[in-house]
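Here, each number is a calculation from the coordinates, and none is a lab measurement. None of these values were measured; they are calculated from a predicted model. Here Cβ is always computed from backbone atoms with ideal geometry, including for glycine, and neighbour counts include all displayed protein chains.
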Amino acid sequence: MASKLKVLQVIPRLGYGGAETGCYDLAHYLYEQKCKSYIVTSGGELLEYIDKKKVKLIKLPVHTKNPILIIINSIILAVLILFLNISIVHARSRAPAWSCYIATKLTARKFVTTFHGTYNFKSSIKKFYNSIMVKSDLLIAGSNFIFSHISENYKRFLNSKKKFLVIFRGINTEYFDAATIKLKNVEKLKNSWKIEENKKIILLPGRLTAWKGQEMFIEAINLFQLKNPELDYVAVILGNDQGRTVYRKKLERLVQQFNLTQKIKFVDNCRDMPLAYHISDVIVSSSIEPEAFGRVSVEAQAMKKPIIASNIGGSKETVIDNKTGLLFDSGNPKSLCDKLDEIIKLDSLTLDLMGREGRKNVINRFNIDKMCLNTYSEYKKLIN
């Protein structure tokens, strides 16, 4: 007998970020549980990968912050909720959350939100705008760090009658698995990045934006180069500037200033992230502001790769220091340099053990099936 549960997830864009992949994975999981699964979004790169037989896609400009369009979206969503007989509406960002809140009030349906980041809350207007995320019947925090952040900063908006809990984000450990990598693809990617066969690779993935710490990473590589002038390596900054051309040029100038053009390489994007992790010797997450979860750290561990991450935010929860990776003092290039030096000098047995412990950590705590099962269980409690 088919489940009566019908879930409508609403997300601004369906790109490659953590919130987006979580939405994508949950949508397909719900179908396997005999639920009706819908996604409302304005577009994005993941759309082409959605199985249209399992998940119904509806395009709406839910990325907009325009108050008039938010109200129009609310009315359209309310009509959709009634027409499709939706049980639960799950918003994954602030702008669509306002539309979802109004629509669920109009239709008397359950409203769920997932708080994916700390967001900017320096002004009272910003804090009020963000507060929509805590006005749901079920509020999900993606990490203990986010749970604490909400508890401390949105206390007056929280309602004790509504459920508030942590469901760790998860990744697909079958996709992020070194066992699936083909040797011919390794050579192909190294060739496309113009990296010689025996060079060690230090990988920094993440969009080019100041808080991701690329500037500090370049300073750390400068110190690392001074300590290891004979080492044959390349540091790859992998990520698109998403229109932040001024910031990208600043980074490029810094590389030139330190005479590191032969040591640091910029790569815009990579469609095969498991392969990018696989060809690398060490992965870095250099954020100078707290990561809500630390997806790079989790993906690296799943691929059995040593990770060096900032000791703030979600990374402190996802990386077991000195066991599955190393934590460095956030924003401190010398600290990052020292950890790079430590990792690069580890013997293969120690690295292998770190890799195996990392994958075990992810499978036990941060796999996608666990995230989906926990979310689905909470959905069922909400409507029963």
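For the reader, a short list of remarks on this structure follows.
- Database remark: amide H of K163 closer than 5 angstrom to the amide H of L139 (H placed geometrically; neighbours at sequence offset of 5 or more, or on other chains; Pro and chain starts carry no H).
- Pairwise FRET efficiency - L346 versus K227, Cβ, R0 = 25 Å, nearest 0.05: 0.95
- Phi-based couplings in Hz for region 289-296 (Karplus 6.51, -1.76, 1.60; Gly and Pro marked x): 10, x, 6, 5, 9, x, 4, 4
- Between the residues G142, V255, Q9, the greatest Cα displacement towards the positive end of the dipole of the chain, with unit charges on the Cβ of Lys, Arg, Asp and Glu, is found for Q9.
- V282 long-range amide H proximity, modeled H, under 5 Å: I201, L203
- Karplus-derived 3J(HN,Hα) values for region 120-136, using 6.51 cos²θ - 1.76 cosθ + 1.60 with θ = phi - 60°, are 7, 9, 6, 9, 5, 5, 4, 5, 5, 4, 5, 4, 4, 5, 9, 9, 8 Hz; glycine and proline are entered as x.
- Residue-normalised convex hull volume from the C-alpha trace of region 178-365: 110 Å³ per residue.
- Residue order, fewest to most surrounding Cβ atoms within 10 angstrom, among M273, M133, M354: M273, M354, M133
- Within region 1-62, the trypsin sites (Lys or Arg not before Pro) that combine a DSSP coil assignment with at most 12 other C-beta atoms in a 10 angstrom radius are K4, K34, K52, K53.
- Rounded to 5, the percent of DSSP beta bridges in region 178-365 classed as antiparallel: 0
- Cut-off 18 Å, label 7 Å out along Cα→Cβ of K194, residues of region 262-289 by amide N: 262-270
- Relative to the current alpha-carbon distance between Y119 and W211, full extension at 0.36 nm per residue lengthens the span by 31.9 nm.
- Virtual spin-label span in nm between K53 and R156, 7 Å along Cα→Cβ: 5.4
- Residues in region 268-282 carry Karplus couplings, in order, of 5, 7, 8, 7, 10, 5, x, 5, 4, 5, 4, 7, 8, 8, 8 Hz; the curve used is 6.51 cos²θ - 1.76 cosθ + 1.60 with θ = phi - 60°, and Gly or Pro positions show x.
- Loop-located trypsin sites (Lys or Arg not before Pro) across region 73-167 with a Cβ neighbour count of 14 or fewer within 10 Å are K122, K161, K162, with loop assigned by DSSP.
- Neighbour-count order for V319, V40, V186, V255, fewest beta carbons within 10 angstrom listed first: V186, V255, V40, V319
- Equivalent ellipsoid of region 123-165: semi-axes from √(5λ) of the C-alpha gyration tensor, largest first, are 16, 13, 9 Å.
- Footprinting exposure proxy for L189, L30 (fewest neighbouring C-beta atoms within 10 Å first): L189, L30
- The GluC sites (Glu not before Pro) of region 219-257 that DSSP puts in a loop, and whose beta carbon has at most 16 other beta carbons within 10 Å, are E230.
- Database remark: amide H of N311 closer than 5 angstrom to the amide H of F328, S330 (H placed geometrically; neighbours at sequence offset of 5 or more, or on other chains; Pro and chain starts carry no H).
- FRET efficiency, 1/(1 + (r/R0)^6) with R0 22 Å, evaluated for L69 and Q242 via beta carbons: 0.50
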